[in-house]
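Q: Here it is, the structure in full.
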Amino acid sequence: MLRLSLRTSRRKCSDPRAAAYSSIVSTFPATRLRRLRRTGALRTLARETRLDLTDLVMPYFVAPEALQNEALPAMSRHTVEGLVRETEQLVAAGVQAVILFGIPEAKDDEGSGAWEEDGIVQHALRALRERFPELLLLTDVCLCEYTAHGHCGVLAGEEVDNDATLELLARTAVSHAEAGADAVCPSDMMDGRVAAIRRALDDAGFHLTPIVAYSAKYASAFYGPFRDAAGSAPAFGDRRGYQMDPANVREALRECELDLAEGADVIMIKPALPYLDVIRAVRDRYEVPVAAYNVSGEYAMVKAAAARGWLDERQAALESLTAIKRAGADVVITYWAKELAAWL
């Protein structure tokens, strides 16, 4: 059996096609890929994917009263005055963009606090715009933080009324633009909301305000810490009737296509790490800026593991964010933005 095996092996090696293949794929010792891995400087020189502070957006929660989160510092709530102080540090570190989420003093069934002229986000926008004229201010446009029931739109019975919600989202987006937002980011996943917001912005004279659409926002288990920070957990049911099924990627491409047709300037995938394949599929299909949201659950898992000594937080965060960029994201919303400013 052994002699037969050796004879068979020799016959295979004498095949000219196999020999040609071998000469192509194995040029060792002339080719040694480890040469460019030998030092940090060489690895940096040959690096294919790079993280840059200009690619990052820091999320902030603004509320009438501050609420510190010791375990997850980036999930803390800030007053407007506290947010200005916090942003001082962020800007000094080199981060150039933030996205704001508001927690109002009172909630109602329509979420009217979302579009009030002196609402919490509107107040924060004016304060930040005055203090940091060059800072890029993005705002989340949704009703879940503002409704008494915690859903992302107005209700008809126990169902979210898609079409009745569109006017309220558009009103919210315009109020943010009036208060100084550079871009608005609808995250509600209502059908037709990008077109409604684009029309309302244009009618109000904000035709240059871009829309960063949460085009593929999945009904994910990774939003838990965010919902605690934003006080936005639904009082009943869940959001699977309007957020996407985690099993679907072709549907994500359809959502992106529709949002672009309605006027979206940037399309976003949320969450990021469990959906790297979706980011890659979107990147390959569309020649537009692609954003990804490295969500609270992704952040919390690394924080919790690092607290137990199971992994190095800095290395795990850098690796995670590099993977998101490598998959095709141009912009990454991440709770590590401030820390990354020091790490990078």
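The values are calculated or read from the model by the stated rules, or taken from the named source; none is laboratory data. Please read these numbers as outputs of a predicted model, since none were measured by experiment. Cβ: placed from backbone, ideal geometry, glycine included. Neighbour counts: every protein chain shown. SASA here: full protein model, heavy atoms, side chains in, ligands and nucleic acids out. Shrake-Rupley method; radii C 1.70, N 1.55, O 1.52, S 1.80 Å.
Q: Can you give me the long-range amide H partners of GLY111? Hydrogens built in the peptide plane at 1.01 Å from N, cutoff under 5 Å, separation of 5 or more residues or another chain.
A: Counting only residues 5 or more places away or on other chains, the set is ALA148.
Q: What range in the chain is the longest one free of chymotrypsin sites (Phe, Trp or Tyr not before Pro) that are in a loop by DSSP and have at most 12 other Cβ atoms within 10 angstrom?
A: Value returned for the longest uninterrupted segment is 1-235.
Q: Across region 172-186, in residue order, what do the Karplus-derived ³J(HN,Hα) couplings come to in whole Hz, using 6.51 cos²θ - 1.76 cosθ + 1.60 with θ = phi - 60° and x for Gly and Pro?
A: Per-residue couplings from phi come out as 5, 4, 5, 5, 5, 4, 5, 7, x, 5, 7, 8, 10, 10, x Hz.
Q: Hey, another quick one. Could you give the dipole magnitude of region 282-330 about its Cα centre, charging the beta-carbon of Lys and Arg +1 and that of Asp and Glu -1, in debye to the nearest 20?
A: My answer is approximately 80 debye.
Q: Relative to the present Cα-Cα distance, how much length would full extension add between ALA156 and THR27 at 0.36 nm per residue of separation?
A: 39.6 nm
Q: If you take the Cα Rg of the chain and divide it by 2.2 N^0.38 Å, with N the number of residues, what do you get?
A: 1.19
Q: Suppose all protein chains stay in the model; what accessible area per residue would a 1.4 Å probe give for region 146-216, in Å²?
A: Per residue, region 146-216 has 35 Å² of solvent-accessible surface.
Q: Suppose each label sits 7 Å from its Cα in the direction of the beta carbon; what would the GLU257-GLU88 distance come out to in nanometres?
A: 5.1
Q: OK, next. Using a Förster distance of 30 angstrom, determine the FRET efficiency expected from the C-beta separation of ALA219 and ALA71, and round it to 0.05.
A: Once the sixth-power term is evaluated, E becomes 0.75.
Q: How many nm is it between the label spots at GLU339 and ARG326, if each spot is 7 Å from the Cα in line with the beta carbon?
A: Modelled inter-label distance: 2.0 nm.
Q: If you average the C-alpha positions of region 95-112 and of region 138-212 separately, how far apart do those two centres end up, in angstrom?
A: Taking the Cα centre of each part, region 95-112 and region 138-212 sit 12 Å apart.
Q: Could you list the GluC sites (Glu not before Pro) in region 47-81 that lie in coil according to DSSP, counting only those with at most 11 other Cβ atoms within 10 Å of their Cβ?
A: GLU48, GLU65, GLU70
Q: Multiply the residue separation of LEU318 and ALA164 by 0.36 nm, subtract the distance between their alpha-carbon atoms, and state the gained length in nm to one decimal.
A: That works out to 51.2 nm of additional length.
Q: Also: Once the Cα gyration tensor of region 144-298 is found, what semi-axes does its equivalent ellipsoid get, as square roots of 5 times the eigenvalues, in whole Å, sorted largest first?
A: 22, 21, 14
Q: Taking the convex hull of the Cα atoms, report for region 55-183 its projected area averaged over all directions, in nm².
A: 8.2
Q: Which residues among region 146-189 fall inside the zone where the amide N is under 16 Å from a point 7 Å beyond the Cα of ALA106, along Cα→Cβ?
A: 146-149
Q: Using the alpha-carbon atoms, what tilt in degrees (0 to 90, nearest 10) does helix 80-93 show relative to the longest principal axis of the chain?
A: Long axis of 80-93 versus the principal axis of the chain: about 30 degrees.
Q: Take the chain, connect every pair of alpha-carbon atoms lying under 10 Å apart with a spring to form a Gaussian network, then pick out the residue of ASP330, ASP277, ASP188 with the largest mean-square fluctuation.
A: In the Gaussian network model the winner is ASP277.
Q: At 7 Å along the Cα-to-beta-carbon direction for both ALA304 and THR44, put a label point, then send me their distance in nm to one decimal.
A: The answer from the label model is 3.6 nm.
Q: Would you mind checking which residues have amide H under 5 Å from VAL154's amide H? H placed 1.01 Å from N; only 5 or more apart, or other chain.
A: Close amide H contacts, sequence-distant or interchain: ASP161, THR165.
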